[in-house]
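Encoded as structure tokens, the structure appears first; notes follow it.
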Amino acid sequence: MSSSLARYVDITGEDVVNQLRQLAEPLAGKRVVHVNSTRVGGGVAEILAKLVPLMRELGIETTWEVITGDPDFFSVTKSFHNALQGNRVPISASQYDHYEAVNRENAKTLSEKLASADLVFVHDPQPAPLLSFIPKRRGSWIWRCHIDASRPHRPVWKHLRGFVEGYDASIFSLPDFAQRLPHPQYIIPPSIDPLSEKNVDLPASEIDEVCRRHGIDRTRRLAVQVSRFDWFKDPVGVIEAFQLARRSCPDLQLVLAGGTAADDPEGAAVLDAVNTAANGDPDIHILLLPPDAHREINAIQRAADVVLQKSIKEGFGLTVTEALWKARPVIGGNVGGIRLQVIDHHTGFLVSTPEGAALRMCYLLQRPDRLRTMGEKAREFVRENFLLTRHLREYLTVMVALTTGMKDRIELA
Ligand code: UDP
């Protein structure tokens, strides 16, 4: 068994890896293209960076293309994102036109690759119209939606659906997110890579060093939320929760670690609100990290006693998976993909308010044994359900189904 896939055997067992090789056999030599709108920042880029090399290793000719656009384009697509997650965002006719025009331009550059591919995965709304500008396509196209689309703002979804309907299949992360569409829909939750810099074990000295650099006191308890500065991640709610929890746990510190994604123009406004809420409190560490600070985030997650992800909408929440894998129970918003991962009272706690989050933080911090046993459960839960190998297996299954016409059943020898 060769290179990097073999390295998963120790974590998942040999059967899991053998099954991937078997499933990939009928796909050998197929040309697959993934398209999204950013190379770094956010969960989709995080996943593709790991998934694409593994697909290549399995003999599938896989490439990853990133569409480009001007700030107006990313401002419209961010509105799309917000509207699909339920905000009543108005989008004007000229904004819709610009969205299409940018996709038309990108289609010109990508047309050869996309038209000749056997399978094209188009991630999220940003590049969704590409399909309509590739009239002579050869392969199957899949729209992969990573967003919490459980209650989309209807007028915006109606517009986007016009582009998505022509796809051969869609993939959503949770059954709740599926929509009425004229093609098969698959439910595939995302995953983390246990071997990535973000998730590998780290020496204690490295964790100490990262904390020292950021002024985090290792002799005091620490709550952490790692997230882009986005309203849906509710960083201000996290600060409120921290301020309440500190009344019972006076040694508590908070880290809000984030950065911006190239396709997210709202970060600066959210960061302003976070700074205002923190009001110079020396126990609140607001860390703006570069997009490649994977080991640093890993260290901060490992330095945490409890991890928060107090989102009010969440497509999946890779940060939750990352924390659970590090045996940290997560106090998470009772929404979207967090519900799939935080099993209340087992791998963490689901909360809906800053008060709820504060209560659960104190509960865990005052019960180190419970903290530890929940953390152990959390890690095993991720091993079973949310590692890259499971994700890849499910993608391969869909790919085999779409390329061979075996829609209902796939036989493994
Ligand atoms: N992330 C990061 N730097 C940051 C903030 C987030 O590397 O400053 C990573 C985080 O560790 C996770 C991903 O970006 O792997 C975020 O994925 P998630 O699904 O949690 O949220 P999204 O940003 O896609 O809404």
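Readers should treat all values here as calculations from the given coordinates under stated rules, not as data from a laboratory. Predicted, not measured: the structure shown is a model, and the values here were computed from it. Neighbour counts are summed over all protein chains in view; Cβ atoms, including those assigned to glycine, are modelled from backbone coordinates with ideal geometry.
Side notes on the structure shown:
- Put simply, of A83, A49, A149 the only residue that is in a loop (DSSP other than H, G, I, E, B), under 30 Å from D234 (Cβ atoms) and aliphatic (A, V, I, L, M) is A149.
- Every condition in (1) assigned to a helix (DSSP H, G or I); (2) touching a strand residue (DSSP E or B) at 6+ places or on another chain (Cβ under 8 Å) is met by R137 except one, and the failing one is (1).
- Of the strands (runs of 3 or more DSSP E) that lie entirely inside segment 293-360, those containing 3 or more residues that are within 19 Å of the chain's Cα centre (by Cα) span 306-309, 330-333.
- In the set R220, R180, only one residue is over 29 Å from R360 (Cα atoms), of a type in the set (K, R) and more than 16 Å from the ligand (Cβ to nearest atom); that residue is R180.
- Across segment 203-215, the qualifying residues are those that are under 14 Å from Q253 (Cα atoms) and away from the ligand (no atom under 16 Å from the Cβ), and the one among them that is surrounded by the most Cβ atoms within 10 Å (Cβ to Cβ) is C211.
- Any hit, segment 227-235, residues being on the phi < 0 side of the Ramachandran plot, more than 16 Å from the ligand (Cβ to nearest atom) and surrounded by fewer than 24 Cβ atoms within 10 Å (Cβ to Cβ): no
- Segment 283-293, subset buried (at least 18 other Cβ atoms within 10 Å of the Cβ) and touching a residue at least 60 places away in the same chain (Cβ under 8 Å), residue farthest from the ligand (Cβ to nearest atom): H285
- Residue that is buried (at least 16 other Cβ atoms within 10 Å of the Cβ), within 11 Å of the ligand (Cβ to nearest atom) and of a type in the set (A, V, I, L, M), where the choices are A257, A278: A257
- Residue match in segment 295-303 (condition: within 30 Å of A83 (Cα to Cα) and not hydroxyl-bearing (S, T, Y)): yes
- Residues that are buried (at least 19 other Cβ atoms within 10 Å of the Cβ), of a type in the set (G, A, S) and under 20 Å from the mean Cα position of the chain (by Cα) were ranked within segment 42-82; the one that is farthest from the ligand (Cβ to nearest atom) is S79.
- Residue within segment 117-124 that is in contact (Cβ under 8 Å) with a residue 40 or more places away in the chain, touching a His at 6+ places or on another chain (Cβ under 7 Å), small (G, A, S) and not in a helix (DSSP H, G or I) present: no
This table checks each residue for (1) surrounded by 19 or more Cβ atoms within 10 Å (Cβ to Cβ); (2) at positive phi.
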{"site": "I312", "(1), (2)": "no, no"}
{"site": "G317", "(1), (2)": "yes, yes"}
{"site": "I338", "(1), (2)": "yes, no"}
{"site": "T353", "(1), (2)": "no, no"}
{"site": "P368", "(1), (2)": "no, no"}
{"site": "L387", "(1), (2)": "yes, no"}
